[in-house]
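Working notes, structure below.
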Amino acid sequence: MKEKSKKVGKKTSVEKKKIIVYITLIAIMLYIAYAIYLLIKQPTDIFTIEEGKLYQEETDIGYVIRNEKVVKGEHYKNGMMQIKSEGERAAKDENIFRYYSTNEESLKKKIEELDGKIQEVMLNDTSLFNSDMKLLENQIDEKVADINQIKDSAKLAEYKKQINNLVTKKAQIAGDSSPKGSYLNQLIEERKGYESKLNSGAEYVKAPVSGIVSYKVDGLEEVLTPDNFSSLSKEYLESLELKTGKLVATNEECGKVIDNFSCYIVTVTSSKEAKNAEIGNKIKVRLSNNVEIPAEITNLIQEEEEEIMIILKIEKQIEELINYRKISFDLIWWDDTGLKVPNQAIIKVNDLDYVVRNRARIFKQNVG
């Protein structure tokens, strides 16, 4: 009986082991089948791969610092007229704006009245229709036609000046050839006298250096300069109480000339990339117009609480920054391009990441 009992127990144990082995084999086969299914399943999980770009970036607040020279004349209380428009470039010693002369409006009114009298005399004198007069009249008509298309105030003033000169020439010819020349010449001389007073009283202001002309003067031009980077600090910049993205107001008494080759953005950050940055590193900056431009780190100043002040030099989009002193921008530490693969297309098997490429119905595994 004991031997029979031992044989039955041994047989039962063997059968249990077989069952465990069969179950294990079935589980392995199911797992393999499932893995193969994941690798080749289609068409619902097919993704189109496109070129993409990866960034390591951060959004920071920056202060714009430029090489800029403020220009202001003695007669700034008289009001000014722009010769060079906002954002227009000027050469050194070129007139960029002028101050009105004393009693300018009164003088202009007297000149306008004399022009009317001169024109009346010439219209009533039929002996004045010669070739020179006709040529001047045609030139005046052309200028008058063009002036209606001009919106720039500086160019408009220049056209008006040219028209006045043509009218004066026409009047001088009329005064020399007309029987009424004595009276006409008297009007012309009187007009010249007023025009001389007008021009002598006006003060023209020239560009001290070549660059971009701007009338957006905020009083920080002599404070925030590339010459005093070492004295800058986060505390000092915050004490200026500037609003991010606020436009610098146009000044009615003076202007400035800005270096059009480079400007600087100063920012304070505590990012890991900033702590590992070095002077001379080439990075990128994305401005509010979404244009990415190259930049170079020129200065690194250690602030308190592990913050670092970074000074970036940029040489493009200078005109874009004229309107601002404090901006929000994206600092791009690095970027890379390649094929952009969705996370759903990545298959994980045995701690390995797979991507299956389907090219013309030919499948190939890429293991990451």
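Would you mind stating whether Ala207 is among the hydrophobic types (A, V, I, L, M, F, W, C) and either without any contact (Cβ under 8 Å) to a residue 60 or more places away in the chain or over 20 Å from Glu319 (Cα atoms) (or both)? Criteria not met by Ala207.
Whenever a residue of region 242-253 is more than 22 Å from Met81 (Cβ to Cβ), its partners that are among the aromatic types (Phe, Trp, Tyr), lying with C-beta atoms within less than 9 angstrom and at least six residues away or across chains, give the pairs Leu242/Tyr63; Thr244/Tyr324; Gly245/Tyr324; Lys246/Tyr324; Leu247/Tyr324. Being loosely packed, with under 14 Cβ neighbours inside 10 Å and not aromatic (Phe, Trp, Tyr) is the requirement here; does Glu222 meet it? Criteria met by Glu222.
Checking the structure you have, find out if any residue of region 252-270 is assigned to a loop (DSSP other than H, G, I, E, B) and farther than 30 Å from Val71 by Cβ. Among the residues of region 252-270, at least one is assigned to a loop (DSSP other than H, G, I, E, B) and farther than 30 Å from Val71 by Cβ, which makes the answer yes. Residues considered: Ile301, Ile310, Ile297. Of these, the only one that is closer than 19 Å to Gln56 by Cβ, in contact with a helix residue (DSSP H, G or I) (Cβ under 8 Å, 6 or more places away or on another chain) and part of a strand (DSSP E or B) is Ile310. Of the residues making up region 221-275, those that are among the β-branched types (Val, Ile, Thr) and in contact with a Gly (Cβ under 8 Å, 6 or more places away or on another chain) are Val257, Ile258, Ile265, Val266, Thr267. Just to be sure, is Val266 closer than 17 Å to Tyr63 by Cβ and in contact (Cβ under 8 Å) with a residue 60 or more places away in the chain? In short, yes.
Take the conditions surrounded by 13 or more Cβ atoms within 10 Å (Cβ to Cβ), at pLDDT 90 or above, of a type in the set (A, V, I, L, M, F, W, C) and touching a Leu at 6+ places or on another chain (Cβ under 7 Å) and apply them to Ile310. Does it pass? Judged against the criteria, Ile310 is a match. For the list (1) in a loop (DSSP other than H, G, I, E, B); (2) more than 21 Å from Ser231 (Cα to Cα), I need the number of the one condition that Asp330 fails. The failed condition is (1). For the residues Lys340, Lys256, Lys326, the requirement of being more than 30 Å from Glu74 (Cα to Cα), surrounded by 15 or more Cβ atoms within 10 Å (Cβ to Cβ) and in contact with a strand residue (DSSP E or B) (Cβ under 6 Å, 6 or more places away or on another chain) singles out Lys326.
The values are calculated or read from the model by the stated rules, or taken from the named source; none is laboratory data. Just so it is clear, the model here is predicted, and its values are computed rather than measured. Ideal geometry is used to build each Cβ from the backbone, glycine not excepted, and the neighbour counts take in all protein chains shown.
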